[in-house]
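Inspection log for the structure reproduced underneath, given as structure tokens.
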Amino acid sequence: MALWMETGSEPKTETEIADLEAISALKESTALELKEKGNELVKKGKKHYPEAIHCYSRAIDQKALNDHDTSVLFSNRAHVNLLLGNYRRALSDSQDAIKLFPANVKAYYRAAKACLSLNLLAEAKSYCESGVGKDPSNEELKKLAKQIDLKKLEQEQREAQVSKALVEAKDLVSATEDRRLKLGNAMYRELTGLRKPVLDKNGILHWPVLLLYAEFMSKSCPPLPWDKENHYSRDAIELYYEAGSGICLSKSKILRYLLEGTAAANVESIGEEKKDAADGSPYDSSAGSYKWVKVNEKRTLHDVLKEPNFIIPMIPVFYVVSKRSAFYKDFITGKWRPPA
């Protein structure tokens with residue numbers, strides 16, 4: 001009997017030939033039945049998709065159909081994998097379908113769809129073009145090609161935005177290095193938000209500045225209407241900054257801060273990590289008290305920021321105090337500290 005024949009051997013008798021033909025016909029019939037069952041399961045909805053894939057896989061494993069029909073099986077399984085979001089498997093099945101029968105237009109479409117979902121845009125476009133080459137009137141492939149072109153354009157625009165944001169941030173860091181400015185951890189983000197320094201086309205560095213009324217920072221008072229005793233008149237106020245607050249940040253951390261809120265906020269690498277130095281050491285203030293440095297109003301902001309003991313918390317912070325206030329003595333002697 002044919003069932004007992006050794007693998008690779010040829011049938012010698014009419015009985016063996018008949019047996020093999022019967023087995024082949026049975027396997028072909030089984031494969032076709034599994035294909036139809038798979039098709040019916042797909043029509044029933046998502047919860048039947050895994051079973052449909054199983055049917056197509058069993059039909060393929062029969063190895064009983066010609067290349068055209070087997071190509072259809074692979075293409076059908078690719079379709080279900082697409083519906084399930086199994087894009088790698090869908091692409092692999094589509095590729096197998098095309099190898100078996102290069103005229104299978106649906107396989108090109110599904111390969112293109114899988115590539116688009118995997119963001120393999122060049123490959124997706126190539127499959128679309130090949131499919132249209134087989135069927136020039138195929139509107140689905142033409143529509144998909146337009147979607148791919150649109151996504152490619154959006155990707156190129158985003159890449160340009162990311163590149164622009166990186167260049168601007170690196171130029172800004174270089175500008176601070178050239179000016180020998182020291183940058184530390186950002187403070188009062190609830191007040192400053194995403195505000196950052198800006199380097200204009202003429203190489204001028206523009207800084208947003210945060211002015212805080214130290215005496216009233218722990219009170220729920222608006223900045224000026226509460227000054228009923230007129231302590232905070234122009235001739236009575238003085239401006240201070242905190243000497244050596246925090247540590248100097250590494251270049252990569254400064255860049256990460258500057259990229260917040262930009263198209264490059266989530267880039268994995270900014271190209272500075274390997275050559276970057278670690279954060280600097282904390283400023284050593286003496287006597288365990290805060291040291292406040294009075295700002296000479298005749299000096300420029302640039303000159304003040306260049307002070308060796310001024311670590312800029314990304315946006316310069318200055319504290320406004322009044323010489324007429326009882327709070328003044330506590331402030332200048334270092335007894336007051338900013339609330340955490």
Residue that is at pLDDT 95 or above, within 26 Å of TRP292 (Cβ to Cβ) and touching a helix residue (DSSP H, G or I) at 6+ places or on another chain (Cβ under 8 Å), where the choices are LEU172, LEU210 = LEU210
Members of segment 193-208 that are open to solvent by 60 Å² or more (accessible area, probe 1.4 Å) and either outside the structural domain of ALA243 (by the TED database) or in contact (Cβ under 8 Å) with a residue 60 or more places away in the chain (or both) | LEU194, ARG195
Looking across segment 168-192 at residues that are open to solvent by 80 Å² or more (accessible area, probe 1.4 Å) and over 24 Å from the mean Cα position of the chain (by Cα), the single one that is nearest to PHE310 (Cα to Cα) is ARG180
Of the numbered conditions (1) open to solvent by 60 Å² or more (accessible area, probe 1.4 Å); (2) in contact with a Ser or Thr (Cβ under 9 Å, 6 or more places away or on another chain), LYS151 fails exactly one; give the number of that condition.
-> (2)
Can we say GLY246 is at positive phi and either at pLDDT below 80 or part of a loop (DSSP other than H, G, I, E, B) (or both)?
-> yes
Report whether or not ALA59 is in contact with a Ser or Thr (Cβ under 6 Å, 6 or more places away or on another chain), assigned to a helix (DSSP H, G or I), of a type in the set (A, V, I, L, M) and under 20 Å from LEU100 (Cβ atoms).
-> no
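For the structure I just gave you, tell me whether LYS63 is surrounded by fewer than 19 Cβ atoms within 10 Å (Cβ to Cβ) and at pLDDT below 95.
Numbers: surrounded by fewer than 19 Cβ atoms within 10 Å (Cβ to Cβ): yes; at pLDDT below 95: yes.
Here the answer is yes, as LYS63 does meet what is asked.
If you go through segment 104-118 one residue at a time, do you hit one that is in a helix (DSSP H, G or I), β-branched (Val, Ile, Thr) and not assigned by the TED database to the domain that holds LEU41? Before you say what the answer is, go through the steps one by one.
Let us first name the residues in segment 104-118 that are in a helix (DSSP H, G or I), namely 105-117.
Next, only the ones that are β-branched (Val, Ile, Thr) stay: 105.
When the remaining residues are screened for being not assigned by the TED database to the domain that holds LEU41, the result is none.
Looking through segment 104-118, none of the residues is in a helix (DSSP H, G or I), β-branched (Val, Ile, Thr) and not assigned by the TED database to the domain that holds LEU41.
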Scanning segment 97-112 for residues that are open to solvent by 50 Å² or more (accessible area, probe 1.4 Å) and touching a helix residue (DSSP H, G or I) at 6+ places or on another chain (Cβ under 6 Å), the one nearest to ILE148 (Cα to Cα) turns out to be TYR109
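The values are calculated or read from the model by the stated rules, or taken from the named source; none is laboratory data. Small disclaimer: the values here were computed from a predicted structure and weren't measured. Glycine gets a Cβ as well: all are built from the backbone with ideal geometry, and neighbour counts include every protein chain shown. Calculation scope for accessible area: heavy atoms of the full protein, side chains included, ligands and nucleic acids excluded. Shrake-Rupley method; radii C 1.70, N 1.55, O 1.52, S 1.80 Å.
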